[in-house]
Amino acid sequence: THFGYETVTEAEKQQRVADVFSSVAESYDKMNDFMSLGIHRLWKDYFVSSLNPGATTPIGRPQIILDVAGGTGDIAFRLLQHSTTHNANPNIHITVSDINPDMLAVGKQRSLALPASHQSSLSFLEANAEMLPTQIKDNSLDLYTVSFGIRNFSNIPAALKEAHRVLKPGGVFACLEFSKVDKYPLFNAIYKRWSFSAIPLIGQLVAADRDSYQYLVESIERFPSQTAFRDMIVGAGFSVSGDGYEDLTGGIAAIHKGIKP
Ligand code: SAM
């Protein structure tokens, strides 16, 4: 099945995304390694070190972070690791939120292998990024992260508005997402060929789930370019510095950041 978004409603898209991630939850971590040849780990490491969590602690309270579409915990665990090891600062709290309980369950299970002191800095929350629950208050976060999640949202502008609402003035919105390789036509051709033929095939062979991986490739294709997405972030009220984004691996992925004024 090819999922053509043109013809589906937001509710249908949300249901499809739910089905995809429920069916890939168990194989998700392994598949990421296969499909990206392990490179997603380097991108995530770079993303997290660029945010330097724990570098400064707000007086009298921990640094409050929300990892949206946090899935199986890759970003949250790295944020915690960086803060405690690199900055020797355990005074940090990260909520891993995701709309999908199956992905969160895998994340919770993985977190049990962390030291107890780390576990107490983590919470898990089932939440839709487009309509965050009331327990996440206006102007309450220091940092909002979303990694390989936002392209799956049915209503990206709504999610950006929510991000803006819950961040404090001075708080940072940070997104790691697949992007466009348009600047390098030859590399782009090779990359497209890899993603459109190899990824669904790997999905079929490794996870016996061609459709879900076909969806993932198509969702990357449909996601806006670096500059168009930057303009959406600005449109939600964030200020950006420079171009507002940084390409990784020629633009296969990109990091976008915005600050709530
Ligand atoms: N952040 C993790 C990472 O970098 O490995 C997981 C990314 S995974 C590709 C995408 C996640 O987005 C899935 O866990 C999915 O359930 C979640 N998701 C999709 N739509 C969402 C929404 N509207 N609100 C919150 N999470 C959503």
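Quick notes
- Number of residues in the range 162-179 that are among the polar types (S, T, N, Q) and near the ligand (Cβ under 8 Å from one of its atoms) equals 0.
- Residue 225, sole failed condition from (1) more than 18 Å from the chain's Cα centre (by Cα); (2) at pLDDT 95 or above; (3) under 22 Å from residue 155 (Cα atoms): (1)
- Long-range neighbours under 6 Å by Cβ, at least six apart or interchain, first residue more than 8 Å from the ligand (Cβ to nearest atom) within the range 147-161, second part of a loop (DSSP other than H, G, I, E, B) and among the small types (Gly, Ala, Ser): 160/236; 161/236
- Residue list for the range 42-81, filter: more than 18 Å from residue 117 (Cα to Cα), outside any loop (DSSP other than H, G, I, E, B) and among the hydrophobic types (A, V, I, L, M, F, W, C): 42, 43, 47, 48, 51, 66, 68
- The set of residues from the range 98-111 being under 15 Å from residue 78 (Cα atoms) and either part of a strand (DSSP E or B) or not small (Gly, Ala, Ser) (or both) comprises 108, 110.
- Which numbered condition residue 78 misses (of (1) basic (Lys, Arg); (2) buried (at least 17 other Cβ atoms within 10 Å of the Cβ); (3) more than 9 Å from the ligand (Cβ to nearest atom); (4) within 23 Å of residue 224 (Cβ to Cβ)): (4)
- Taking first residues from the range 104-132 that are under 29 Å from residue 156 (Cβ atoms) and partners that are of a type in the set (Lys, Arg), the Cβ contacts under 6 Å between residues at least 6 apart in sequence or on separate chains come to 124/108.
- Test set (1) more than 20 Å from residue 175 (Cβ to Cβ); (2) β-branched (Val, Ile, Thr); (3) at pLDDT 85 or above; (4) surrounded by 20 or more Cβ atoms within 10 Å (Cβ to Cβ) - residue 64 fails condition number: (1)
- Residue match in the range 167-176 (condition: without any contact (Cβ under 8 Å) to a residue 12 or more places away in the chain and either hydrophobic (A, V, I, L, M, F, W, C) or in contact with a Lys or Arg (Cβ under 7 Å, 6 or more places away or on another chain) (or both)): no
Conditions (1) among the hydrophobic types (A, V, I, L, M, F, W, C); (2) in contact with a strand residue (DSSP E or B) (Cβ under 9 Å, 6 or more places away or on another chain); (3) under 30 Å from residue 169 (Cβ atoms), marked per residue:
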{"position": "10", "(1), (2), (3)": "no, no, no"}
{"position": "17", "(1), (2), (3)": "yes, no, no"}
{"position": "20", "(1), (2), (3)": "yes, no, no"}
{"position": "24", "(1), (2), (3)": "yes, no, no"}
{"position": "33", "(1), (2), (3)": "no, no, no"}
{"position": "39", "(1), (2), (3)": "yes, yes, no"}
{"position": "56", "(1), (2), (3)": "no, yes, yes"}
{"position": "68", "(1), (2), (3)": "yes, yes, yes"}
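- Count of the range 111-146 residues which are surrounded by fewer than 15 Cβ atoms within 10 Å (Cβ to Cβ) and within 13 Å of the ligand (Cβ to nearest atom): 3
- Filter result for residue 39 (surrounded by 15 or more Cβ atoms within 10 Å (Cβ to Cβ) and under 26 Å from residue 137 (Cα atoms)): no
- Candidate set from the range 147-161 (those that are surrounded by fewer than 21 Cβ atoms within 10 Å (Cβ to Cβ) and either β-branched (Val, Ile, Thr) or farther than 29 Å from residue 39 by Cβ (or both)); member that is nearest to the chain's Cα centre (by Cα): 156
- Residue 207 surrounded by fewer than 19 Cβ atoms within 10 Å (Cβ to Cβ), among the small types (Gly, Ala, Ser) and touching a residue at least 60 places away in the same chain (Cβ under 8 Å): yes
- Which listed residue, of 209, 182, is at pLDDT below 95, touching a helix residue (DSSP H, G or I) at 6+ places or on another chain (Cβ under 9 Å) and over 30 Å from residue 23 (Cβ atoms): 182
- Here residue 95 fits the description: among the hydroxyl-bearing types (Ser, Thr, Tyr), under 15 Å from the mean Cα position of the chain (by Cα) and either within 25 Å of residue 238 (Cα to Cα) or more than 12 Å from the ligand (Cβ to nearest atom) (or both).
The values are calculated or read from the model by the stated rules, or taken from the named source; none is laboratory data. As the structure is a computational prediction, the values presented were derived from the model and not from experiment. Positions of Cβ are backbone-derived with ideal geometry, glycine not excepted, and every protein chain shown enters the neighbour counts.
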